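Working notes for the structure below.
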Amino acid sequence: TCSELLSRQRRTWIIDTFSIEEGHPGPFPYVLGKVSKPLNEENYQSSKSLTNAHFHPKIFEAKRTDLSLDTKLGVEISILDINDNPPSFQRDLYEISIGEERAQAHDRDKAGTPNSTFHYEIKSMSPNPPDAEFFINDLGVISFKGCLDYEVGETYTVVVEAKDHGEVVSLSSSTTILIHVQDGNNHLPSISGQTAGFSLVRLHVTDGDSPNTAAWRAKYFIHGDEGGHFKIETDPETNDGILTVVKPLDFEEGAERELSISVENEVPYFSCKPQFVNLIIQVEDTNDPPVFKVTVKEAKLEENAPIGTWVETVTAVDPDTALNTSFVYMIGDDPDGWVTVDPETGRITTVKPPDRESPNVVNGVYTVIVHAVDNGNPPMTGTATMLIHVKDQNDNVPQLTVDHVDMCVSEGASTTSITAFDPDDEPFTGPFRFELLGEAKGKWRLNTSYDLMKEPSVYAGPHTVELKISDMQSQFAFYNLSVTVCDCSVTPNCRSDRAIVTKMGFGAMGIVFATLFILLCKKLIHCLYWGEAMQQTQHSTKVGIDMFSG
């Protein structure tokens, strides 16, 4: 068996490939070729035994003369493709309702050959509007740019051809695409006019789309409004654009405002340019108030400055150049009436000596309000604030804080504190110097802290102490200090008796006065009795003398 296997392996058959074109016209039988056997193989005979029902490959068998099977031979028959199939579309008619569709074709010829390679072309389009153009790429994707107008054509018919690249002959086929245009936003709103009324401007638009749809409703946009002075809204009933002013306009920044208004729809539209309308807004000049160059101005003024002293000059301008208005200066608020202002020049002078100790001077600053009032209709007023810093002078003397003190009767010296104040500011105030005047020696004295000390010789009761009080700049004044001396062991405060009397009711006061009245009456009766007795004694004495003389 092994020797026979080796013997068969040494026998070599020549394998070949035969070819024939697809659709060959004959004559038949047609000789494809010859299968050769090796030399010196006379004992073999060739016979064709079809063991595969297909056209290729074919299987042949080689047998010995004794008809025993020795080997098999495979012969490949290649059928050459010819361009006998045009590219064909899956459908003859495509219907779409959108602006983009994929239209695919295929070719039954052999893949990868020119016969099965093809490209697409748009052969025709109806209707063919000038503002729309269709395209198709290598993958069969259809697209367009521009606008499809529903009113021009509800349906657009596009014929697409698929053509192969056959070398001998080029075949093709076509399909039809029906593009149904939906009644969407294929019309732009167009500004048709404008009117003026209660609002600044009302813009009117026309739109060919279905009313009261998102494709019909208008949206307005303002261009060139740098300051944000305007606003535009859509009237839901008429689709008009209502332009209003939302921020005051300044005539001095320009008598005209140029705006651009564009309009679109609520839903987007495809490749259509928005429309613009240019507006020129005439700004009417209104009366603006005069404006001070410095709204808060500061000045310095010495206290007790003479009348007519210059304080400061204020300056205002009127922005209403076109109205030819004029204005005058006025004092708006001057609580103590210190100053006046020249109505033409704004020069401020005093009409009263300033007093730094005025309650209207706060932290050394006196505030005056100045107005600039124009003659417009209605008149407008500008305001400036003048802060006058008043320089202090030593124009006030020290004053006693209280003019009455109490002291106790004692065998030794007793002490009470006395204080003073000065309305002036430093350095025209304390510390103060106190001096005793009059008959104070032996009765009163001052210690180093300027406390008042009573000598033991001072009796209980009311007293008056003369004082001289001086400030740091030697400004002084004289005062009489009332001092009440009492027995503090009985009443800790000398004025307690008076306080008690003050707190007594009217009944108690009546009892006191009634008691005093009775005592006075008794005293008067006693005096009258002794007066009459004296008169009688004098009469008796005189009679006795006369009798004695007689």
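Coordinate-derived values only; no laboratory data. Just so it is clear, the model here is predicted, and its values are computed rather than measured. A quick note on method: Cβ atoms are made from the backbone with ideal geometry, for glycine too, and the neighbour counts reach across all protein chains shown.
Side notes on the structure shown:
- Protection proxy ranking, peptides 23-29, 301-307, average beta carbon neighbours within 10 Å, highest first: 301-307, 23-29
- Of the peptides 77-87, 433-443, 384-394, the ranking by mean beta-carbon count within 10 Å, highest at the top, reads 384-394, 77-87, 433-443.
- Residues whose amide H lies under 5 Å from that of residue 391, counting only those 5 or more places away or on a different chain, are 301, 302, 303; hydrogens are built 1.01 Å from N in the peptide plane.
- Sorted peptide list for 481-488, 357-364, criterion being average Cβ within 10 angstrom, highest first: 481-488, 357-364
- In this structure the amide hydrogen of residue 194, modeled in the peptide plane, comes within under 5 Å of the amide hydrogens of 204, none closer than 5 places in sequence on its chain.
- Annotation for segment 329-433: chymotrypsin sites (Phe, Trp or Tyr not before Pro) lying in DSSP loop with at most 15 further Cβ atoms inside 10 Å of their Cβ do not exist.
- Alpha carbon centroid spacing (whole Å) that separates segment 217-283 from segment 346-408: 54
- Local charge for residue 431 was computed over the other residues whose Cβ lies under 13 Å away, with Lys and Arg +1 and Asp and Glu -1, and equals -2.
- For the residue pairs 352/391; 231/293; 293/391; 123/163; 247/293; 123/145, alpha carbon separations beyond 22 Å are given by 231/293; 293/391; 247/293.
- Applying a DSSP loop filter and a limit of 10 other Cβ atoms within 10 Å to the trypsin sites (Lys or Arg not before Pro) in segment 206-314 leaves 293.
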